[in-house]
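Here is the structure we will look at, set down as structure tokens.
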Amino acid sequence: MSDIKISVETTQTTQIDGEITIIRVDGVIDTMTATQLEEVTNSLLAQKKFKIIVDLGGVDYISSAGWGIFISNIREIRLNDGDIKLARMIPNVYEIFELLEFDSILKAYDNIEKAKADFAGEPQNGLRLHEVKKPEPIPISGKVSPDVRVQGSSGKPAVSGDRDVSDKLAGATLPKERSRDSKLDFPKGEHSRVKRDVPRVARTLKEAILELVGKDPFLSVVEIKKEIKKDFPGTGFFKVWWTLKKSGLGSKKKRFYFARTRNIS
């Protein structure tokens, strides 16, 4: 039977504004025990405690349900100028952490002190969307320098000097409008080339994922999921990761080799 032990403590440092909460976890984080960790995390968020360090030094295994606890709350936490930082993962757990490419979402540290120091080094007052200043419009003068010439259909200067732009354009002779019935003179056999290439719609999720990997093997699982959701709404992180793993593309190295051989062929 799975067992888990969770303890919570708070600490303060002079370098940052507010408390840092340390969650110490011992045991196994799987489908059965992940709910307990979720309850603790939700309780901290309800108390407006958004600076969290999770000490995983005593954790032997984390399932997809366990990793999902950290990922599901990260957006809300960061919107409130906080973060979740993982510390003291054992090699076996850290290997899965890297394999799932969670290192592109969460930060991990060798010890708790390094995680605290990173909190101290982060800006506390992030720029809000409503505080972003819009770029000032660039004023455009209604005059044109004297050396500007607008050519008419005869090839001679139609207007010059520093008169208003509207006057200059009015003096220019525009080419006659092409009749709707007129046909473009294409070389023989060129008609088919001007047709826009219609992208092929992937028939399955796996096909769409492999197509993305073939185009850019350096995409992370998170980035692949973001692109895939445009055509396959509701596709989650683990669905993409599992599809990659079943296809033998669980690591970036394997995806790079796949893309290379695919492009050569």
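Determine if the range 10-19 includes at least one residue that is surrounded by fewer than 16 Cβ atoms within 10 Å (Cβ to Cβ) and either part of a helix (DSSP H, G or I) or basic (Lys, Arg) (or both). Among the residues of the range 10-19, not one is surrounded by fewer than 16 Cβ atoms within 10 Å (Cβ to Cβ) and either part of a helix (DSSP H, G or I) or basic (Lys, Arg) (or both), which makes the answer no. Can you find, within the range 40-83, the residue that is nearest to the chain's Cα centre (by Cα) among those that are within 16 Å of Val8 (Cα to Cα) and basic (Lys, Arg)? Out of the qualifying residues, it is Lys51.
Entry remark, the range 220-242: residues being part of a loop (DSSP other than H, G, I, E, B), within 22 Å of Gly68 (Cβ to Cβ) and in contact (Cβ under 8 Å) with a residue 24 or more places away in the chain number 3 in total. Arg24 satisfies every condition listed in (1) in a strand (DSSP E or B); (2) surrounded by 16 or more Cβ atoms within 10 Å (Cβ to Cβ); (3) in contact with a helix residue (DSSP H, G or I) (Cβ under 9 Å, 6 or more places away or on another chain) except (3). Of all the residues in the range 185-215, those that are within 17 Å of Lys253 (Cβ to Cβ) and either exposed (fewer than 10 other Cβ atoms within 10 Å of the Cβ) or at pLDDT below 85 (or both) number 0.
Per-residue answers, yes or no, for (1) in contact with a strand residue (DSSP E or B) (Cβ under 8 Å, 6 or more places away or on another chain); (2) outside the structural domain of Leu37 (by TED's automatic domain parsing); (3) assigned to a helix (DSSP H, G or I):
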| site | (1), (2), (3) |
| --- | --- |
| Phe70 | yes, no, yes |
| Arg75 | no, no, yes |
| Asp81 | no, no, no |
| Leu86 | yes, no, no |
| Asn92 | yes, no, yes |
| Glu95 | no, no, yes |
| Ala108 | yes, no, no |
| Lys114 | yes, no, yes |
| Ala117 | no, no, yes |
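Quick check on my filter: what residues within the range 246-257 are in a helix (DSSP H, G or I) and at pLDDT 85 or above? Listed by number, the list holds a single entry, Lys246. Among the residues of the range 41-51, is there at least one that is assigned by TED's automatic domain parsing to the domain that holds Ile84, surrounded by 13 or more Cβ atoms within 10 Å (Cβ to Cβ) and within 21 Å of Asn92 (Cβ to Cβ)? Taking every residue of the range 41-51 in turn, none turns out to be assigned by TED's automatic domain parsing to the domain that holds Ile84, surrounded by 13 or more Cβ atoms within 10 Å (Cβ to Cβ) and within 21 Å of Asn92 (Cβ to Cβ).
The values are calculated or read from the model by the stated rules, or taken from the named source; none is laboratory data. For clarity, every value in this text was computed on a predicted model and none was experimentally measured. Note that we place each Cβ from the backbone using ideal geometry, even for glycine, and neighbour counts take in every protein chain shown.
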